[in-house]
1. Pick from the stretch 87-132 the residues that are under 26 Å from Ile23 (Cα atoms) and β-branched (Val, Ile, Thr): which of them is modelled with the lowest pLDDT?
2. Output the number of residues of the stretch 25-45 satisfying the condition of being surrounded by 14 or more Cβ atoms within 10 Å (Cβ to Cβ) and either assigned to a helix (DSSP H, G or I) or among the hydroxyl-bearing types (Ser, Thr, Tyr) (or both).
3. Within the set of pairs 6+ apart or on separate chains, which have a first residue in the stretch 100-111 that is touching a residue at least 12 places away in the same chain (Cβ under 8 Å) and over 13 Å from Phe86 (Cβ atoms), a second that is open to solvent by 60 Å² or more (accessible area, probe 1.4 Å) and of a type in the set (A, V, I, L, M, F, W, C), and C-beta atoms under 9 Å apart?
4. Hey, Thr8 hits all of (1) of a type in the set (S, T, N, Q); (2) part of a helix (DSSP H, G or I); (3) modelled with pLDDT under 85 but one; which does it fall short on?
5. Which one of the conditions (1) over 30 Å from Lys29 (Cβ atoms); (2) assigned to a strand (DSSP E or B) does Glu114 fail to meet, given that it meets all the rest?
6. Please work out if Ile152 is under 21 Å from Leu62 (Cβ atoms), of a type in the set (A, V, I, L, M, F, W, C) and assigned to a helix (DSSP H, G or I).
7. State which residue is most open to solvent (accessible area, probe 1.4 Å) when the search covers only the stretch 88-144 and only residues that are more than 24 Å from Tyr41 (Cβ to Cβ) and among the small types (Gly, Ala, Ser).
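The values are calculated or read from the model by the stated rules, or taken from the named source; none is laboratory data. Worth saying up front: this structure is predicted, and the values here are computed from it rather than measured. Note: ideal-geometry Cβ built from the backbone for every residue, glycine included; neighbour counts use all protein chains shown. Ligands, DNA and RNA are stripped out before the accessible areas are found, and what is left, the full protein with its side chains, is counted by its heavy atoms. Shrake-Rupley method; radii C 1.70, N 1.55, O 1.52, S 1.80 Å.
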Amino acid sequence: MARKTIMTEINDESAIYKADATISLYDYKNLEVLLLETSGYFGNKDSSKISFDHHKGLFGALSMLKAIADNYEYGSIQTFKDVKVFFTHAAGRTVRLWSKKYIPEGPLYELWLEESLEIKISSFKEKDEQLPAVIKFYWTMKKLIEETVETIKKLKCKGSQ
């Protein structure tokens, strides 16, 4: 089942982005901070599908940034610079955690590879060997989302003053 991330206020089917999954902050107007794109089945090597989903994730991340800016329009620009949103892209045998983050010397926001997990197991018996890498990947994701929540909390406080 695809989740919907609304890209604009227009009630037009072409203006709706469909992600495979999202993480939303229910205490913060249901803002989405992470989306998941899966490019087909495990081990899929279709480069056109992988590339298409990567670009979908990039535009979905931009949409999430816009939604945060729209909801906290009176927040500090200095605080907004610290906001990062994420998309996780599962393609082939790799899961990558990407972020859109502000780069002062760059073109405003850049795509940044935060973490990568290569799934190396070929049978269920080898799962124990992969476990430390899986834990590291998802722990990094958790910590990055926590940082984003703290930044949005600051935006919320500044905007309500």
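1. Only one residue fits best here, namely Ile103.
2. First, the residues of the stretch 25-45 that are surrounded by 14 or more Cβ atoms within 10 Å (Cβ to Cβ): 25, 28-29, 31-40, 44.
Among the residues that remain, those that are also either assigned to a helix (DSSP H, G or I) or among the hydroxyl-bearing types (Ser, Thr, Tyr) (or both) are: 28, 38-39.
Residues flagged as surrounded by 14 or more Cβ atoms within 10 Å (Cβ to Cβ) and either assigned to a helix (DSSP H, G or I) or among the hydroxyl-bearing types (Ser, Thr, Tyr) (or both) within the stretch 25-45 amount to 3.
3. Tyr102/Leu108
4. Result: Thr8 passes all but (2).
5. (1)
6. On the way: under 21 Å from Leu62 (Cβ atoms): yes; of a type in the set (A, V, I, L, M, F, W, C): yes; assigned to a helix (DSSP H, G or I): yes.
Answer is yes for this residue.
7. Among residues in the stretch 88-144 that are more than 24 Å from Tyr41 (Cβ to Cβ) and among the small types (Gly, Ala, Ser), the one most open to solvent (accessible area, probe 1.4 Å) is Gly106.
This table checks each residue for (1) touching an Asp or Glu at 6+ places or on another chain (Cβ under 7 Å); (2) exposed (fewer than 15 other Cβ atoms within 10 Å of the Cβ); (3) at pLDDT 90 or above.
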{"position": "Ser47", "(1), (2), (3)": "no, yes, yes"}
{"position": "Ser51", "(1), (2), (3)": "no, yes, yes"}
{"position": "Gly60", "(1), (2), (3)": "no, no, yes"}
{"position": "Leu65", "(1), (2), (3)": "no, no, yes"}
{"position": "Ala69", "(1), (2), (3)": "no, yes, yes"}
{"position": "Glu73", "(1), (2), (3)": "no, yes, no"}
{"position": "Gln78", "(1), (2), (3)": "no, yes, no"}
{"position": "Val85", "(1), (2), (3)": "no, no, yes"}
